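Notes to accompany the following structure.
The values are calculated or read from the model by the stated rules, or taken from the named source; none is laboratory data. These numbers come from a predicted model, not from an experiment. Backbone-built Cβ (ideal geometry, glycine too); neighbour counts: all protein chains shown.
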Amino acid sequence: MADRRLQVFHAVAKHLSFTRAADALFMTQPAVTFQIKQLEEQYSTRLFERRHGGISLTPAGELVLSYAERILALSDEMEIRLGEMTGEMRGPLLVGASTTIAEFMLPRVLGEFNALYPQVRARLIVANSESIESRVAEHTLDIGLIEATAKLNGLTSQICCEDELRVICAPDYPLAGMKSVTPKTLAEYEYISREPGSGTREITDSYFRKHKISPESLKTQMELGSPEALKGVVSTGLGFAVVSRAVVEKETQLGELVAIPLNPPLKRSLYLVFHQDRFQSRLSATFIEFAKAKLKELAL
């Protein structure tokens with residue numbers, strides 16, 4: 001087990017906030033501050049610059065962070081390897097997922113995996129695809145599940161399932177009675193979009209460009225950071241959005257929203273992303289295969 005002070009330092013360095021680090025570690029802020037003070041006293045140097053409104057790493061702090069990440073990664077690897085030697089599947093599993101996958105697909109996958117391997121401590125980080133990819137590349141996540149293939153060097157992408165995107169709108173919105181809708185038709189209506197960096201935003205922008213519609217020419221009313229926010233705004237009748245079919249199943253069954261297929265259809269691959277140079281534990285490999293099988297089931 002790595003030194004607790006290093007774990008606390010790592011959390012503060014990543015969040016650049018004693019308060020947010022304390023929340024992430026389920027500690028009080030004074031306890032976090034005390035651990036950092038002890039570490040600074042041990043090495044007789046300041047690790048953080050404390051300024052009005054925030055903190056930043058000193059050059060010494062940057063150095064300690066680079067070593068802390070390696071030490072913590074080795075500690076996790078040791079725990080996993082020891083579990084493998086004793087025949088147990090155990091240890092930490094840091095999984096990151098884009099918002100759509102995390103909210104509407106992954107909870108069931110993680111629940112069933114934990115039921116099979118109760119000694120595994122899975123932790124889920126939710127962010128957009130771009131952020132998850134960056135964190136896998138930085139070795140702060142073991143595995144990422146995102147909505148586009150990885151672009152950063154050193155990462156491996158594997159397709160885990162296919163996902164169909166559909167137009168959604170309120171039942172009384174002008175598009176609601178259509179059996180399918182073309183990109184050219186959508187250009188005439190108000191659009192509620194995902195934010196830049198979202199995998200859904202990237203694939204929808206590409207879809208419109210492919211069909212000779214500039215994303216900049218769309219009547220974009222808002223850019224929102226989650227599928228739930230999109231559904232909430234669309235339900236008011238302000239415009240349409242494009243989301244994963246999985247996102248809107250409940251609302252369409254209840255008659256709260258209408259989902260319309262695109263013509264031509266818009267489908268995408270969902271990807272498991274991991275670092276090709278990172279130690280590949282039996283735990284990570286088992287989760288990758290388990291997640292691929294379960295996500296394919298959910299996409300049917």
Q | For G197: the one exception among (1) modelled with pLDDT of 95 or more; (2) on the phi > 0 side of the Ramachandran plot | A | (1)
Q: Tell me which of these L283 doesn't satisfy, since it passes every other one: (1) touching a Lys or Arg at 6+ places or on another chain (Cβ under 7 Å); (2) farther than 20 Å from E162 by Cβ; (3) outside the structural domain of L186 (by TED's automatic domain parsing); (4) not charged (D, E, K, R).
A: (1)
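So that you can scan it fast, the table gives a plain yes or no per residue for (1) out of contact with any Ser or Thr (no Cβ under 6 Å at 6 or more places or on another chain); (2) under 30 Å from R282 (Cα atoms):
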residue	(1), (2)
F9	yes, yes
A13	yes, yes
T19	yes, no
S44	yes, no
A60	no, no
V64	yes, yes
E69	yes, yes
L93	yes, yes
Q: Hey, could you check region 142-160 for residues that are modelled with pLDDT under 85 and among the hydrophobic types (A, V, I, L, M, F, W, C) and say which is farthest from V243 (Cα to Cα)?
A: L152
Q | Flag if Q253 is touching a residue at least 24 places away in the same chain (Cβ under 8 Å) and exposed (fewer than 14 other Cβ atoms within 10 Å of the Cβ) | A | no
Q. Limited to region 245-292, what total is found for residues that are at pLDDT 90 or above, of a type in the set (G, A, S) and in a strand (DSSP E or B)?
A. 1
Q: Report whether or not E202 is assigned to a helix (DSSP H, G or I) and surrounded by 15 or more Cβ atoms within 10 Å (Cβ to Cβ).
A: yes
Q. What residue, of V243, V247, V181, is out of contact with any Asp or Glu (no Cβ under 9 Å at 6 or more places or on another chain), crowded, with 21+ Cβ neighbours inside 10 Å and touching a residue at least 60 places away in the same chain (Cβ under 8 Å)?
A. V243
